[in-house]
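The values are calculated or read from the model by the stated rules, or taken from the named source; none is laboratory data. Note that the structure is predicted; figures quoted are calculated from it, not measured. Quick reminder, even Gly has a Cβ in these numbers, built from the backbone with ideal geometry, and neighbours come from all protein chains shown. In case anyone asks, the SASA skips ligands and DNA or RNA and just uses the protein heavy atoms, side chains included. Shrake-Rupley method; radii C 1.70, N 1.55, O 1.52, S 1.80 Å.
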Amino acid sequence: MPSPCISLKDDFLMAPIRLTCVAGARPNFMKVAALLEAFRGRERFAPRLVHTGQHFSPDMSRVFFEELELPQPDAYLGIAGGSHAVQTAEVMKAIEIEFTERRPDLLVVVGDVNSTVAATLVASKLGIRVAHVEAGLRSFDRDMPEEINRLVTDVLSDHLFVSEPSGVQNLRAEGIPEERIFLVGNVMIDTLLRFRERAAESSILEQLSIAVGGYAVVTLHRPSNVDDPGRLGELIAMLKRVAEKLTVVFPVHPRTRQQAEQAGLTMDGLLCVPPLGYLDFLRLQSQARLVLTDSGGIQEETTILGVPCLTLRENTERPITIEQGTNKLVGTNPAAVLEAVTEVLAGSPPTQQTPALWDGHAAERIADILQRLTASPVPRSTNAQQRSSEPQA
Ligand code: UD1
């Protein structure tokens with residue numbers, strides 16, 4: 001008997017969607033871990049993981065692949081180091097070849113790093129649909145390289161997946177059409193909740209000879225805090241004052257280490273360690289008396305862990321961590337930070353609410369929505385055609 005005739009349309013509908021996820025820097029890996037887990041469970045998607053190489057040291061990259069059970073990247077672009085322009089341009093050059101050869105139906109990017117904006121720019125001009133996860137966050141501070149990356153990525157994305165309500169408001173205010181915006185929750189928290197029990201088995205506290213609740217954790221890497229030797233020197237001096245009150249554990253980011261070494265700044269009095277793996281760092285954060293940080297993701301993680309977080313910045317793109325979480329913006333004035341530390345040490349543990357949809361299922365929601373959105377055939381050139389027919393400013 002002849003096999004039933006399959007029309008072109010049926011054939012398209014049955015073919016899996018070729019979906020490329022791009023990750024480049026440390027905070028991307030926990031986000032793509034949640035997304036790939038959700039995509040791999042569905043026949044509709046044929047996911048491919050591309051690692052740009054922006055973060056390349058074993059302790060900034062490989063350890064996350066091992067601990068988060070991420071598959072080996074299908075492609076590794078090997079773009080490491082360089083200025084922002086060089087890094088972005090090199091990722092663009094290499095990823096254009098990847099996209100041209102592989103012809104994905106959809107690009108999924110996360111966060112706000114240089115690799116995110118580079119991949120988005122290239123996909124957008126090749127007419128590949130772009131989904132941005134963690135869209136809409138705004139610090140309104142264009143001195144932050146990440147803010148530029150967020151703005152450019154969002155304006156070029158077709159599907160914008162947002163982690164907190166402020167992101168929806170920001171995108172609406174920027175004129176992004178409503179049908180592109182989806183409030184889905186936080187994929188970084190999906191990974192935290194998935195690995196929390198495993199992290200409880202980490203022996204990092206014993207290795208560092210520190211007691212539950214008896215130490216502060218510090219992370220610093222923002223260019224605005226670490227690239228100016230004067231500012232970095234002041235911050236380190238302030239941390240040494242905190243260390244007079246309780247142990248300060250400082251996993252030092254490569255950027256910060258390089259800048260401190262060049263400026264001849266010593267960190268005696270602080271318990272400095274290399275960047276930690278995911279499970280060790282999660283355990284360290286969860287048992288800390290307080291966290292001092294300029295990271296975005298850590299503001300979110302401490303919100304869920306219920307640990308007081310003092311953010312050493314003048315602004316945050318994640319206001320929900322202040323409104324509902326345990327985060328407080330304290331700036332970088334040493335006296336103000338020390339006062340805030342004293343207040344935390346004198347006070348009772350903070351009360352915390354879990355933001356809506358930070359429930360461990362954000363990646364599943366994204367997969368559901370993408371499955372629905374890709375249910376009808378969309379010619380690959382649609383986006384490019386659509387954009388060129390939109391009114392020009
Ligand atoms: C990048 C992201 C930032 C993110 C941070 C998390 C941008 C604009 N910034 O900042 O949003 O919060 O990652 O870590 O994309 N280096 C190493 N080993 C590594 C990685 C980097 O030695 O594995 C060195 C680089 O060569 C460079 C410096 O550290 O000299 C900074 O790395 P870079 O990727 O430029 O930016 P980050 O400061 O890490």
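Observations, loosely collected:
- Membrane-span-like helices in the chain (whole DSSP H runs, Cα extent of at least 24 Å along the helix axis, mean Kyte-Doolittle hydropathy of at least 1.0): none found.
- Remark: relative contact order (segment 199-346) = 24 percent; criterion is Cα-Cα distance under 8 angstrom and separation of 6 or more residues.
- Magnitude of the charge dipole, segment 199-346, Cβ model with Lys/Arg +1 and Asp/Glu -1, debye to 20: 120 debye
- In the context of the full set of protein chains, the chain has a per residue accessible area of 43 Å² (1.4 Å probe).
- Reciprocal of mean inverse Cα separation for segment 199-346 (Kirkwood radius, Å): 15.2 Å
- Here is the P(r) of segment 115-221: all C-alpha pair distances, binned every 5 Å from 0, give 2, 11, 16, 16, 15, 10, 9, 10, 6, 3, 1 in whole percents.
- Heavy atoms of LYS240 accessible to a 1.4 Å probe, total area in Å² rounded to 10: 60 Å²
- Here the chain is treated with +1 on each Lys and Arg Cβ and -1 on each Asp and Glu Cβ, and its dipole about the Cα centre works out to around 440 debye.
- The residue list ALA216, GLN324, THR247 was ranked by how far each Cα lies along the charge dipole of segment 199-346 toward its positive end, using unit charges on Cβ atoms, and THR247 comes out on top.
- Database remark: amide H of HIS221 closer than 5 angstrom to the amide H of ASP294 (H placed geometrically; neighbours at sequence offset of 5 or more, or on other chains; Pro and chain starts carry no H).
- Per residue of the chain, the DSSP helices (runs of n ≥ 4 H) give a summed -39500 (n - 2.57) that works out to -13500 deg cm²/dmol at 222 nm.
- Semi-axes of the equivalent ellipsoid for the chain, computed as √(5λ) from the eigenvalues of its C-alpha gyration tensor and ordered from largest down, come to 39, 21, 20 Å.
- Whole-Å distance, taken between Cα centres, linking segment 60-77 and segment 290-309: 24 Å
- Accessible surface of the chain [probe 1.4 Å, protein heavy atoms]: carbon and sulfur percent: 53 percent
- Relative contact order computed over the chain (Cα-Cα under 8 Å; 6+ residues apart), in percent: 16 percent
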